[in-house]
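Participant: Next up is a structure, given as C-alpha cells.
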Amino acid sequence: MATAGLPFVPLLVHSHETPLKIPTTTNLATDEAFWAEVRNQYVLDKKVVNLNNGALGPQPIGVQQAHIKMYEQSNKAPSYFMWGEVDGKREPLRAELAVLVGCDIEELAINRNTTEGLNTVIFGLNLKAGDEVIVSDFDYPFMLNAWRQRQMRDGIIVKEVKLPLPIEDVNLAVELYRKAITPKTKVVHLTHIINWTGQIMPVKEITEMAKGFGCEVVVDAAHSLAHIPLSFQDIGCDYMATSLHKWLGAPFGTGAMIVKKEKIASVWPLLSAWEPQSADIRKFELLGTRSFPAEMAALDAIAFHQNIGLEKVNQRLLYLKMYWAERVAQLPRVTLHTSLKPEFSGAMATCSINGMSSTQLADTLFEAHGLHVGIIDWNGLNAVRVSPHIYTSLSELDRLVNALAQLAKP
Ligand SMILES: Cc1ncc(COP(=O)(O)O)c(C=O)c1O
C-alpha cells in the first residue's frame, strides 16, 4: 500500500532487478526515445515543469520504492531492522560512494548533506586568531556564515576574493586566489560548481597553486556528484562534501564528506565521538538517530545512475543546457550570466531580462507558463537559474524559450 499513487515499474533495486536498457547509439545525448524512457522512471507533476533541479533532484521511482520498502520493514521493529538490517548496508554504500567521488573508502563519511559536511570541516579545523582563510563572494551562504562565525569567535581572518563571473580563463581564476594568499593563509575554500550561475571553477588548478603555498583546501562539491566528472584524488584538495539529493537522485537529507586520510585525526567532529582525535572517518557519522532507510536507498540511486553512466548523463545535461541557453542568449534584453563552454558549466545556467526583477520573471514564468525556476538575488546578480535534469523533455525547454522570447520582446 505504501506505493499507492506510484505507477508500477520494475524496481531498480540493487542490480538484481532489470535495469533500464541502454542503447548503443553513438550519440545518446540526442536519442529522444531513450530519454523519454528515462523520464518514465520518474513521477512528475502535470502542472509544474521543474526547471530547478539544482536545488533538489527528484528520486526515480525505483529509489522511492526501495526507500519505502526499507522504511516499512524498519517500522516492524525499528531497533532490530533499522539499526540491524538496514544499517548493514552502510559499508557497501561507503564503498560505492567512494568510487563515485574518486576517494579511498576510508576517506568518506556518510551524512545528511553538504552543509553538515562542510560545517564539520570548518568548525573542526585547528585554526588560531590571525590565521587567514580565503573564500569568494559567490560561495554558498552557509559556508560563508560558518567561516564568519569562526572569525567572530576565534579571531581568524576571512578574506573574500571577488569573482568576475562568468569566468572562462583558468589562469585568471588561479591568479585571483593567488593574489589573496599571504604567509598567514591557512585555508582556501572553493566552490566547484557555483550555485548562483552554474559556473564550474577550475578547482584542481587553484588547489595545486594553493598547495604550493602550504594551504589546506576545502571544496564545496554540492552540485558535482552525478553531474560532472568528479574525483577527490584528482582535485588534490584536503576536504570535500557533497549532497546525494541533488543530481544523484538519492532520498532527501543524504550527503557525504570526504577527508584526506592523513588529515582525519586532526579534524574535530562537530558532534561528539568516542575518540574525537581518531583517524577513523566513521567518527563523523555519530549523528544520533536518523532515517537509515533514506541513507541506504542511496544505493539504489547509485545503481540507477551507474546504469546510464556519468558520461552519458553529463552529455545529456550539457545538450539540454545548450538547447535552451543558446537560443535565449540571442534574445533582445536577455543576458546570460553563465559561460556555455562545457568546461565552465554543466546543466545549470542563469539569465535575466533587462527591466524585470528575478521574482517578477520567476513568478511570470510560473503563473503564465507553469515553469518553476530558481530565483537568484545575490551580490547584485538578479536573475533566474534554469536547471533541467535527465528527465526534462525538449518540449518543456521549448516552452521556456518561447516564454522568455515573449517576455523579452522590446
Ligand atoms: C554550492 C552549494 N553548496 C552547498 C549547498 C547546500 O546543500 P545542502 O542543502 O544539501 O546541504 C548548496 C545547495 O544548494 C549549494 O548550492
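Participant: So which residues in segment 264-304 are under 30 Å from residue 23 (Cα atoms) and either of a type in the set (Gly, Ala, Ser) or open to solvent by 10 Å² or more (accessible area, probe 1.4 Å) (or both)? Explain how you work it out, then say what you get.
Facilitator: Kept after step one, since they are under 30 Å from residue 23 (Cα atoms), are these residues of segment 264-304: 296-304.
297, 298, 299, 301, 303, 304 - these are the residues of segment 264-304 that are under 30 Å from residue 23 (Cα atoms) and either of a type in the set (Gly, Ala, Ser) or open to solvent by 10 Å² or more (accessible area, probe 1.4 Å) (or both).
Participant: More than 16 Å from the ligand (Cβ to nearest atom) and not in a helix (DSSP H, G or I): does that describe residue 276?
Facilitator: So residue 276 fits the description; yes.
Participant: Just to be sure before I move on: is residue 246 charged (D, E, K, R) and either closer than 23 Å to residue 130 by Cα or more than 16 Å from the ligand (Cβ to nearest atom) (or both) in the structure I sent? Walk me through how you get there before you give the answer.
Facilitator: Values: charged (D, E, K, R): yes; either closer than 23 Å to residue 130 by Cα or more than 16 Å from the ligand (Cβ to nearest atom) (or both): no.
No.
Participant: Check residue 239 against each of (1) open to solvent by 20 Å² or more (accessible area, probe 1.4 Å); (2) over 29 Å from residue 75 (Cβ atoms) and name the one condition it does not meet.
Facilitator: Of everything listed in (1) open to solvent by 20 Å² or more (accessible area, probe 1.4 Å); (2) over 29 Å from residue 75 (Cβ atoms), residue 239 misses just condition (1).
Participant: Also: Taking into account only those residues within segment 189-214 that are over 29 Å from residue 351 (Cα atoms) and not in a helix (DSSP H, G or I), which is nearest to the ligand (Cβ to nearest atom)?
Facilitator: It comes out as 213.
Participant: Are any residues in segment 102-143 open to solvent by less than 10 Å² (accessible area, probe 1.4 Å), assigned to a helix (DSSP H, G or I) and away from the ligand (no atom under 15 Å from the Cβ), and if so, which ones?
Facilitator: Residue satisfying the conditions is 124 alone.
Participant: Then there's this: Could you list, in sequence order, the residues of segment 43-64 that are open to solvent by 20 Å² or more (accessible area, probe 1.4 Å) and either away from the ligand (no atom under 16 Å from the Cβ) or assigned by TED's automatic domain parsing to the domain that holds residue 391 (or both)?
Facilitator: Hits for segment 43-64 are 43, 44, 45, 46, 47, 48, 64.
Participant: Taking residue 233 and the conditions (1) farther than 30 Å from residue 44 by Cα; (2) buried (at least 24 other Cβ atoms within 10 Å of the Cβ), which numbered condition does it fall short on, given that it satisfies the others?
Facilitator: The single condition residue 233 does not satisfy is (2).
Participant: Now a separate question. In segment 321-384, which strands (runs of 3 or more DSSP E) lie fully inside it and hold 3 or more residues that are not β-branched (Val, Ile, Thr)?
Facilitator: Hits in segment 321-384: 349-353, 374-378.
Participant: Is it the case, given these coordinates, that residue 93 is farther than 30 Å from residue 181 by Cα, assigned to a helix (DSSP H, G or I) and either open to solvent by 10 Å² or more (accessible area, probe 1.4 Å) or more than 16 Å from the ligand (Cβ to nearest atom) (or both)?
Facilitator: Yes: the conditions hold for residue 93.
Condition check ((1) over 25 Å from residue 164 (Cα atoms); (2) open to solvent by less than 10 Å² (accessible area, probe 1.4 Å); (3) not assigned by TED's automatic domain parsing to the domain that holds residue 164) across all residues:
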position	(1), (2), (3)
324	no, yes, yes
330	no, no, yes
341	no, no, yes
346	no, yes, yes
368	yes, no, yes
375	no, no, yes
380	no, no, yes
389	yes, yes, yes
396	yes, no, yes
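Participant: Let me ask another. What do you reckon, is residue 195 surrounded by fewer than 17 Cβ atoms within 10 Å (Cβ to Cβ) and among the polar types (S, T, N, Q)?
Facilitator: When the stated conditions are applied, residue 195 does not pass them.
Participant: For the structure I just gave you, tell me whether residue 173 is open to solvent by less than 40 Å² (accessible area, probe 1.4 Å) and within 13 Å of the ligand (Cβ to nearest atom).
Facilitator: no
The values are calculated or read from the model by the stated rules, or taken from the named source; none is laboratory data. Here the structure is a predicted model, which means the values were calculated and not measured. Here the Cβ is made from the backbone with ideal geometry for all residues, glycine too, and neighbour counts use every protein chain on show. These area figures cover heavy atoms from the full protein model, side chains too; ligands, DNA and RNA do not enter into them. Shrake-Rupley method; radii C 1.70, N 1.55, O 1.52, S 1.80 Å.
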